[in-house]
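*Asks:* The structure is given below, and queries will be raised subsequently.
The values are calculated or read from the model by the stated rules, or taken from the named source; none is laboratory data. Just so you know, these numbers come straight off a predicted model, no measurement behind them. With ideal geometry, Cβ positions are generated from the backbone for all residues, glycine too; neighbour counts draw on all protein chains shown.
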Amino acid sequence: MTGIAYKGGPRLKPDSGTVDTKGVAIGCGISNSNEDERAANVDASSHTSKSLGDSYYNDMAAVPGDAGGFTVPKVATMNFAQLHGHVVQKTDFYERFECNLRSRPLAS
Amino acid sequence: MFYFLRGGYADVFIGKDRTNGEMVAIKRLKRFNSAYPGISEQAVMKEVAIIDFLGKKSSAKYLLRLIGAWELVTPSGRKTVAIVTNLAAGGDLFESIAAMGHGYNEKSAARLFKEACEGVKALHSCGLLHRDLKPENLLLSSKADDAHVIVADFGLAEFTGMPMRRVVGTLSY
């Protein structure tokens, strides 16, 4: 097809302006891009586990720095531990889903 | 038959949600260390959180839907994470266009474009910018002719209001 040259073509990395030649991950829609720009000028350390739950979606956090005046959902400024603690469930995966993760994966 | 994630950092399986019988895509991360998170772990968690956020803020059917993320122990005893989303069994729009050879007719193209715009509109209404829109990131819900578009891959997405000073996207576009 003309005009669409590269399937999974190189992606510009936000941190360096260089090109990620590994291509783009899609399918179930989650990529492996190394986005670290989000961390710039954002201090997520002030958020504690108390801010999780409903406030995870509804509360707003101010963005410091020269973009001062903007507010974003707290999820935008959370650190890894906070995100992991909220998003990753500890309940039994196999009780919920019928699948065979020991089988050969359909894609890697 | 199905189209799945590529990139080498996860194994992808099809599963069935016992609660409703829905077929789902299960992505088991190959390398995930929550004790010593690196950039990739953080990026994955942020993206999962963004999809989760979208699901809570929008009911648009044109956005990828996170069913959840679960802690898993692999057969070798290592802890990892499985990310479960709805299944886009039709693959992506790029492959669909390429497979057709002659491309979509005007009516179908208009419908798909409208659906993509609806997805992007829902994304923007949640205060998010995708920043990597392209046919590869527009999935199709099924192989049927009336399959609808699902906007996916939020690896470069960012909230409006957050610092965005660098150029991001896909070079070939």
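*Asks:* Using the structure shown, decide if B:ALA35 is modelled with pLDDT under 90, part of a loop (DSSP other than H, G, I, E, B) and farther than 17 Å from B:ARG65 by Cβ.
*Replies:* Yes; evaluated as a whole, the condition is true for this residue.
*Asks:* With respect to the numbered conditions (1) at the interface with chain A (Cβ under 7 Å from one of its Cβ atoms); (2) more than 22 Å from A:ARG104 (Cβ to Cβ), which one is the sole condition not fulfilled by B:TYR62?
*Replies:* Just one mismatch for B:TYR62, condition (1).
*Asks:* Further question: For residues in region B:144-173 being within 7 Å of chain A (Cβ to nearest Cβ) and outside any loop (DSSP other than H, G, I, E, B), which is surrounded by the fewest Cβ atoms within 10 Å (Cβ to Cβ)?
*Replies:* Within region B:144-173, the match that is surrounded by the fewest Cβ atoms within 10 Å (Cβ to Cβ) is B:GLY169.
*Asks:* Mind checking which residues of region B:81-127 are buried (at least 17 other Cβ atoms within 10 Å of the Cβ), touching a residue at least 60 places away in the same chain (Cβ under 8 Å) and more than 9 Å from chain A (Cβ to nearest Cβ)?
*Replies:* The answer is B:ALA89, B:GLY90, B:ALA122, B:LEU123.
*Asks:* Look at B:VAL44 and say whether it is of a type outside the set (Lys, Arg), modelled with pLDDT under 90 and either crowded, with 22+ Cβ neighbours inside 10 Å or under 29 Å from B:CYS117 (Cα atoms) (or both).
*Replies:* yes
*Asks:* Please specify each residue of region B:128-173 satisfying the condition of being of a type outside the set (Val, Ile, Thr) and without any contact (Cβ under 8 Å) to a residue 12 or more places away in the chain.
*Replies:* Answer for region B:128-173, where residues must be of a type outside the set (Val, Ile, Thr) and without any contact (Cβ under 8 Å) to a residue 12 or more places away in the chain: B:ASP146, B:MET162, B:PRO163, B:ARG165, B:ARG166, B:LEU171, B:SER172.
*Asks:* On the basis of being surrounded by fewer than 17 Cβ atoms within 10 Å (Cβ to Cβ) and more than 23 Å from A:HIS86 (Cα to Cα), does B:PRO75 make the cut?
*Replies:* Yes: the conditions hold for B:PRO75.
*Asks:* Go through (1) in contact with a Pro (Cβ under 8 Å, 6 or more places away or on another chain); (2) loosely packed, with under 15 Cβ neighbours inside 10 Å one by one and return the number of the condition B:PHE53 breaks.
*Replies:* (2)
*Asks:* What is the number of the single condition among (1) touching a Cys at 6+ places or on another chain (Cβ under 9 Å); (2) farther than 18 Å from B:SER142 by Cα; (3) at pLDDT below 85; (4) within 7 Å of chain A (Cβ to nearest Cβ) that B:PHE4 does not meet?
*Replies:* Unmet condition: (2).
*Asks:* List the pairs whose first member sits in region A:76-94 and is of a type in the set (Lys, Arg), whose second member is crowded, with 20+ Cβ neighbours inside 10 Å and at pLDDT 85 or above, and whose Cβ atoms are under 8 Å apart, counting only residues at least 6 apart or on separate chains?
*Replies:* Listed pairs, sorted by first residue: A:LYS90/B:TRP70.
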